[in-house]
Amino acid sequence: MQEITDPQEMRAWSRAERSAGRRIAFVPTMGYLHEGHLRLIDRAREGGDRVVASIFVNPLQFGPGEDFASYPRDLERDRAAASARGVNMLFVPAGGAVYPEEPRVRVAPGPMAERFEGATRPGHFAGVLTVVTKLFHLVEPDVAVFGRKDFQQAMLVRRLVADLNFPVVIDVAPTVRELDGLALSSRNVYLLGDERRAALALSRALRAVERAWRAGQADPDALTRVALDTLTVPGVVPDYVALVDQELRSVSRADAATVVLVAARVGRPRLIDNVVLGEGVARDPVAAAAR
């Protein structure tokens with residue numbers, strides 16, 4: 001595995017690879033890699049001849065009082081994990097290389113970002129789409145892989161690419177879960193003691209909604225109540241439950257394409273999860289591989 005820190009060197013490397021006829025697959029991350037990230041790298045290897053992974057904790061997507069300074073970081077561990085998984089180029093730019101000065105122009109995410117995570121974290125998605133735009137310009141990938149756990153983010157990146165004519169395919173990979181159903185997240189490290197067990201309420205709520213839908217319940221309000229009832233456990237403070245389509249619009253009747261979004265605070269961390277009703281809360285790929 002090679003490693004680059006300079007943005008211009010990153011662009012030059014990618015252009016040389018593409019000029020040689022190689023397809024570039026890109027996995028942008030904020031580091032502290034877990035199995036979910038590594039599954040994105042696996043998927044990128046299937047879609048490209050060369051895999052680039054970036055590690056950059058983007059300050060623009062953190063609001064006042066959020067955990068930018070304390071966000072978990074372990075570059076040496078990340079290097080070892082990325083190399084073992086087959087990354088060809090690790091792009092690790094310093095903050096000053098990505099933002100030499102405070103950016104005066106940012107990407108406005110539009111109406112899709114006004115609800116859910118966007119309402120809870122004002123300015124978050126402008127920060128996300130701004131750094132994604134910069135990374136796309138620097139890496140110039142043919143395909144970029146994002147995880148479905150951050151569903152709203154993934155749909156906004158797809159909309160960014162479609163509306164601004166980026167020549168990149170966005171591949172959204174399934175959520176990877178722990179054996180007990182908890183969606184993998186770098187912020188899971190913040191869960192202490194009984195909080196880890198309480199956090200399972202999110203995936204249980206999604207399974208409860210899926211079961212109710214498969215039993216014939218299609219009313220979004222009724223399905224929302226099923227989720228909220230399941231989330232009513234000590235230590236869990238629900239933020240929202242929503243049933244939406246792929247454009248983040250509320251649905252009048254749940255069907256196989258409906259996405260159920262859930263967010264809740266469990267102790268210090270705020271966790272998110274989702275399910276597409278027609279696909280269900282998949283059995284954990286990590287567990288399946290271990291058997």
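Structure above, values below:
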quantity	calculated
Arg115, sole failed condition from (1) more than 28 Å from Gly280 (Cα to Cα); (2) of a type in the set (Lys, Arg); (3) touching a residue at least 60 places away in the same chain (Cβ under 8 Å)	(1)
Which listed residue is modelled with pLDDT of 95 or more, assigned by TED's automatic domain parsing to the domain that holds Gly216 and either more than 16 Å from the chain's Cα centre (by Cα) or surrounded by fewer than 21 Cβ atoms within 10 Å (Cβ to Cβ) (or both), from Val286, Val266	Val266
Filter result for the condition that a residue is assigned to a loop (DSSP other than H, G, I, E, B), hydroxyl-bearing (Ser, Thr, Tyr), modelled with pLDDT of 95 or more and not assigned by TED's automatic domain parsing to the domain that holds Gly110, over Ser203, Ser252	Ser252
Those residues of the stretch 126-156 which are over 15 Å from the mean Cα position of the chain (by Cα) and not hydrophobic (A, V, I, L, M, F, W, C), in sequence order	Thr130, Thr133, Lys134, His137, Glu140, Pro141, Asp142
Odd one out for Tyr240 among (1) assigned to a strand (DSSP E or B); (2) within 21 Å of His34 (Cβ to Cβ)	(2)
First in the stretch 74-86 and free of Cβ contacts under 8 Å to residues at least 12 places away in the same chain and within 12 Å of Ile55 (Cα to Cα), second anywhere and of a type outside the set (Lys, Arg) and surrounded by 12 or more Cβ atoms within 10 Å (Cβ to Cβ), Cβ under 7 Å, 6 or more apart	none
Extreme residue, nearest to Pro174 (Cα to Cα), among residues of the stretch 135-161 that are of a type in the set (Lys, Arg) and touching a residue at least 40 places away in the same chain (Cβ under 8 Å)	Arg148
Long-range neighbours under 7 Å by Cβ, at least six apart or interchain, first residue more than 24 Å from Ala94 (Cα to Cα) within the stretch 44-60, second at pLDDT 95 or above and charged (D, E, K, R)	Gly47/Asp171; Gly48/Arg23; Gly48/Asp142; Asp49/Arg22; Asp49/Arg23
Lone unmet requirement of (1) surrounded by fewer than 20 Cβ atoms within 10 Å (Cβ to Cβ); (2) closer than 14 Å to Arg265 by Cβ; (3) touching a residue at least 40 places away in the same chain (Cβ under 8 Å) for Val233	(3)
Among the candidates Arg159, Arg106, residue that is surrounded by 14 or more Cβ atoms within 10 Å (Cβ to Cβ), more than 19 Å from the chain's Cα centre (by Cα) and under 29 Å from Val262 (Cβ atoms)	Arg106
Yes/no for Gly86 being in contact with a helix residue (DSSP H, G or I) (Cβ under 9 Å, 6 or more places away or on another chain) and closer than 26 Å to Arg177 by Cβ	yes
Selection from the stretch 191-227 of residues that are of a type in the set (Ser, Thr, Tyr) and crowded, with 20+ Cβ neighbours inside 10 Å	Ser203
Matching residues, the stretch 236-254, being farther than 15 Å from Glu117 by Cα, among the charged types (D, E, K, R) and exposed (fewer than 12 other Cβ atoms within 10 Å of the Cβ)	Arg253
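Results for (1) in the same structural domain as Gly95 (by TED's automatic domain parsing); (2) aliphatic (A, V, I, L, M); (3) in contact with a strand residue (DSSP E or B) (Cβ under 9 Å, 6 or more places away or on another chain), shown as yes or no for each residue.
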residue	(1), (2), (3)
Lys134	yes, no, no
Asn165	yes, no, no
Leu179	no, yes, no
Gln217	no, no, no
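The values are calculated or read from the model by the stated rules, or taken from the named source; none is laboratory data. Predicted, not measured: the structure shown is a model, and the values here were computed from it. Ideal geometry is used to build each Cβ from the backbone, glycine not excepted, and the neighbour counts take in all protein chains shown.
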